[in-house]
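Okay, structure first, notes after.
The values are calculated or read from the model by the stated rules, or taken from the named source; none is laboratory data. Note that the structure is predicted; figures quoted are calculated from it, not measured. A quick note on method: Cβ atoms are made from the backbone with ideal geometry, for glycine too, and the neighbour counts reach across all protein chains shown. We work out accessible area using only protein heavy atoms, side chains counted, and drop any ligands, DNA or RNA first. Shrake-Rupley method; radii C 1.70, N 1.55, O 1.52, S 1.80 Å.
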Amino acid sequence: MLKMCGIVGYIGYRDSQPILLEGLKKLEYRGYDSAGVAVFTEHGLEIRKTVGRLSNLEARLREQPLRGTVGIGHTRWATHGKPSVANSHPHTDHTFKVSVVHNGIIENYLELKEELMLKGHRFQSETDTEVISHLIAAEYDGDIVRAVRKAVRKMRGAFAIAVLTEYEPDRLVAVRLASPLIIGVGEGEMFVASDIPAILEYTRDVYILNDGEMAAITRDGVELMTIEGNPIAKEKFHVDWDLMTAEKAGFEHFMLKEIHEQPRAYRDTMRGRIAADGRDVVFPDLGLTPERLREIRRVHIVACGTALHAGMVGKHVIERLTRIPTETDYASEYRYRSPIITPDTLVIVVSQSGETADTLAALREAKRQGARVLAITNVIGSSVAREADDVIITQAGPEIAVASTKAYTTQLIAFYLLGLYWAKALGTLPDEEIARTLAAMQALPEQAERILAQGDDIKALAESIARHQSLFFIGRGLDFAVALEGSLKLKEISYIHSEAYAAGELKHGTLALIEEGVPVIALMTQEELYEKTLSNVKEAKARGARVIGIVSEGLDAEAAKSVDRMFVVPRTLPLLAPALSVVPLQLIAYYAAVTLGHDVDKPRNLAKSVTVE
Ligand code: AGP
């Protein structure tokens with residue numbers, strides 16, 4: 001049973017149940033097919049678990065509350081097997097003394113389970129997590145930290161766990177091995193969580209555990225150590241986001257809020273990275289200096305999903321600005337295709353969360369083969385950020401909706417900045433061009449605001465496609481890269497089937513699917529490719545397609561003659577157009593999903609952070 005889940009834990013002086021529930025709500029994006037809490041009450045260790053959304057657990061706890069000042073909680077997303085109460089966390093051993101919440105995979109759990117069964121342990125679930133609680137109970141000899149350490153040494157895999165035992169209810173134990181985990185530090189109270197927003201309401205001071213580290217937590221302090229038991233000293237990390245940033249701020253959904261945050265996110269991602277005279281990019285803390293950049297001969301951009309689509313724009317940006325050959329790859333494919341990685345290869349991994357298992361595995365493989373790795377990520381302290389040689393943090397702020405929007409556009413901004421910085425180092429772009437591009441970039445936030453102000457027009461477009469079974473996105477060059485993202489966005493939240501095609505490729509087979517009334521969304525923002533795309537639009541129209549053009553200002557008069565409906569995006573440099581043309585596509589996906597009554601922020605079958613391969 002594989003999982004990617006949210007963990008929260010509390011030990012302090014307050015009632016733990018509401019704190020655990022609030023924390024789980026903030027983590028629901030990590031998984032939401034079942035949830036549970038374990039609290040040490042006057043009756044000992046007590047557990048409540050329910051299948052489905054967290055509201056089910058809340059209802060259950062309203063009926064049968066758990067009172068106690070120490071507890072752990074979990075929200076789960078299964079990748080195999082049915083979500084069920086038995087498979088939900090927290091799990092316990094058969095004596096009901098040790099409870100565990102877990103994120104990740106124990107690869108050798110079947111072996112361990114067999115050994116334990118021979119010793120008389122009885123199991124209730126199909127999960128690997130239950131094995132952990134039994135293993136800890138079997139190792140317990142009066143010191144829970146020692147028992148956890150011994151158990152962990154027998155486990156193979158990638159995991160984060162939090163442990164609460166009735167034997168020692170005045171401490172929690174937390175362990176991290178390749179799945180994120182943090183410890184929040186309060187006054188007379190401490191927290192454990194798989195992600196910062198879960199505890200932000202209570203404290204801003206956190207310890208970020210590294211792989212192979214664990215924490216023994218009491219109400220008054222935390223002892224940090226390696227899983228071998230060696231004490232470690234660690235600096236506290238102060239979180240300066242406000243909680244409002246992680247909440248909906250009056251929008252109906254996180255996704256809509258996050259789409260609207262893009263102008264701010266563009267500005268934040270550029271802030272401090274453009275010289276005061278506007279003529280150069282500055283990366284004050286990037287180890288990838290101009291000297292180092294001059295040594296790079298090839299680039300691999302590796303990521304998943306939307307982050308990969310940003311990388312596809314990044315490929316165009318890097319190749320056009322620096323002329324360095326750049327390839328893009330699905331992170332899940334990269335390792336297995338024996339990529340040609342040389343010491344002068346720069347591998348750029350792109351990841352909003354910085355915790356995507358496939359991306360992390362690709363990063364590790366690239367490093368193993370001697371490449372320098374640059375991460376473009378949104379999460380400071382994430383695994384990707386910590387393991388890469390260099391990091392560019394996008395300043396999107398926490399992204400809660402499963403469908404990624406502001407992370408994508410800030411990844412584009414990061415690629416533009418990197419491309420210009422690199423071009424300057426190589427002398428591949430005249431200084432005047434760099435200054436002109438930077439000026440155009442600084443106009444993007446205001447231009448995106450203008451698009452957002454036309455939300456009602458885009459809503460009408462979305463309503464016109466929402467009842468269709470299937471549709472197509474077409475474009476050439478950068479427009480094709482954006483078409484891929486528009487199509488993914490629509491699929492993941494509206495569940496309408498769509499495909500993105502390089503406009504010129506349509507006639508090589510897929511045109512057979514175009515029949516009367518099939519919507520085709522055609523991106524036309526690239527002046528030099530525009531005539532060509534227009535002929536593909538005409539081919540589709542001749543077969544009955546209903547074409548919606550997403551067209552750059554200046555190209556609209558001509559396009560108007562060929563398309564059925566059109567949305568005009570403000571004029572910018574062709575290279576920068578994706579940062580604007582994607583915005584109406586995000587809104588089309590959003591409003592189509594709303595029209596169809598779907599749960600926009602938590603689409604079926606998906607989770608925000610995919611920490612399993
Ligand atoms: C985007 O809308 C998706 N939910 C998904 O494709 C996502 O971009 C992908 O899983 C990668 O996530 P990351 O950026 O956190 O690595």
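Among LEU534, LEU513, LEU573, which is the only one that is out of contact with any helix residue (DSSP H, G or I) (no Cβ under 6 Å at 6 or more places or on another chain), aliphatic (A, V, I, L, M) and open to solvent by 30 Å² or more (accessible area, probe 1.4 Å)? Lay out the reasoning, then the answer.
Details: LEU534 fails: open to solvent by 30 Å² or more (accessible area, probe 1.4 Å); LEU573 fails: out of contact with any helix residue (DSSP H, G or I) (no Cβ under 6 Å at 6 or more places or on another chain).
Of LEU534, LEU513, LEU573, the one residue that is out of contact with any helix residue (DSSP H, G or I) (no Cβ under 6 Å at 6 or more places or on another chain), aliphatic (A, V, I, L, M) and open to solvent by 30 Å² or more (accessible area, probe 1.4 Å) is LEU513.
Just to be sure I understand the filter: pairs with C-beta atoms under 8 Å, separated by 6 or more residues or on different chains, first member in the range 452-470 and more than 22 Å from TYR501 (Cα to Cα), second member small (Gly, Ala, Ser) and surrounded by 16 or more Cβ atoms within 10 Å (Cβ to Cβ). Which pairs pass? From residues that are more than 22 Å from TYR501 (Cα to Cα), the pairs are GLU463/ALA592. The lone criterion from (1) open to solvent by 30 Å² or more (accessible area, probe 1.4 Å); (2) at pLDDT 95 or above left unmet by PRO83 is number (2).
Among the residues examined, GLN395 does not qualify as in the same structural domain as ARG320 (by TED's automatic domain parsing), assigned to a helix (DSSP H, G or I), open to solvent by 40 Å² or more (accessible area, probe 1.4 Å) and in contact (Cβ under 8 Å) with a residue 60 or more places away in the chain.
Quick grid of which residues meet (1) under 25 Å from SER382 (Cβ atoms); (2) more than 16 Å from the ligand (Cβ to nearest atom); (3) not hydrophobic (A, V, I, L, M, F, W, C):
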{"position": "MET270", "(1), (2), (3)": "yes, yes, no"}
{"position": "ALA276", "(1), (2), (3)": "no, yes, no"}
{"position": "LEU288", "(1), (2), (3)": "yes, yes, no"}
{"position": "LEU293", "(1), (2), (3)": "yes, yes, no"}
{"position": "ALA307", "(1), (2), (3)": "yes, no, no"}
{"position": "LYS315", "(1), (2), (3)": "yes, yes, yes"}
{"position": "ARG323", "(1), (2), (3)": "no, yes, yes"}
{"position": "TYR330", "(1), (2), (3)": "yes, no, yes"}
{"position": "THR342", "(1), (2), (3)": "no, yes, yes"}
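For every residue, the table says whether it meets (1) touching a helix residue (DSSP H, G or I) at 6+ places or on another chain (Cβ under 6 Å); (2) over 30 Å from ALA512 (Cα atoms).
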position: LEU429; (1), (2): yes, yes
position: ALA460; (1), (2): no, no
position: LEU484; (1), (2): yes, no
position: SER487; (1), (2): no, no
position: SER494; (1), (2): yes, no
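Annotation: VAL282 fulfils all but one of (1) open to solvent by 50 Å² or more (accessible area, probe 1.4 Å); (2) of a type in the set (Val, Ile, Thr); (3) modelled with pLDDT under 90; the unmet one is (3). The set of residues from the range 378-428 being at pLDDT 95 or above, away from the ligand (no atom under 12 Å from the Cβ) and small (Gly, Ala, Ser) comprises ALA388, ALA414, GLY419, ALA423, ALA425, GLY427. Selection of the range 44-77 for residues being open to solvent by 20 Å² or more (accessible area, probe 1.4 Å), of a type outside the set (D, E, K, R) and touching a strand residue (DSSP E or B) at 6+ places or on another chain (Cβ under 6 Å) yields ILE47, VAL51, ASN56. So is LYS424 of a type outside the set (S, T, N, Q) and surrounded by fewer than 24 Cβ atoms within 10 Å (Cβ to Cβ) or not? Yes.
Please verify whether the range 579-590 includes one or more residues that are away from the ligand (no atom under 16 Å from the Cβ), open to solvent by 10 Å² or more (accessible area, probe 1.4 Å) and not assigned by TED's automatic domain parsing to the domain that holds PRO398. No - not one qualifying residue is present in the range 579-590. Take the conditions (1) on the phi > 0 side of the Ramachandran plot; (2) free of Cβ contacts under 8 Å to residues at least 24 places away in the same chain; (3) not acidic (Asp, Glu); GLY104 misses just one of them, which is (2). Only residues that are open to solvent by 10 Å² or more (accessible area, probe 1.4 Å) and within 7 Å of the ligand (Cβ to nearest atom) were counted in the range 344-360, giving 4. Take ALA443 and tell me if it is under 30 Å from ALA592 (Cα atoms), away from the ligand (no atom under 16 Å from the Cβ) and either open to solvent by 10 Å² or more (accessible area, probe 1.4 Å) or of a type in the set (S, T, N, Q) (or both). Taking the combined requirement at face value, the residue satisfies it. Considering only residues in the range 144-170 that are in a loop (DSSP other than H, G, I, E, B) and farther than 12 Å from VAL98 by Cα, the one that is most open to solvent (accessible area, probe 1.4 Å) turns out to be ARG156. Scanning the range 591-613 for residues that are in a helix (DSSP H, G or I), open to solvent by 20 Å² or more (accessible area, probe 1.4 Å) and in contact with a helix residue (DSSP H, G or I) (Cβ under 7 Å, 6 or more places away or on another chain) returns TYR591, THR595. For the range 109-125, a residue qualifies if it is loosely packed, with under 15 Cβ neighbours inside 10 Å and in a loop (DSSP other than H, G, I, E, B), and the qualifying residues are LYS119, GLY120, ARG122, GLN124.
Inside the range 594-612, can you point out the residues that are within 12 Å of the ligand (Cβ to nearest atom) and in contact (Cβ under 8 Å) with a residue 60 or more places away in the chain? If the condition is that a residue be within 12 Å of the ligand (Cβ to nearest atom) and in contact (Cβ under 8 Å) with a residue 60 or more places away in the chain, then VAL600, ASP601, LYS602, PRO603, LEU606, ALA607, LYS608, SER609, VAL610, THR611, VAL612 are the ones that fit.
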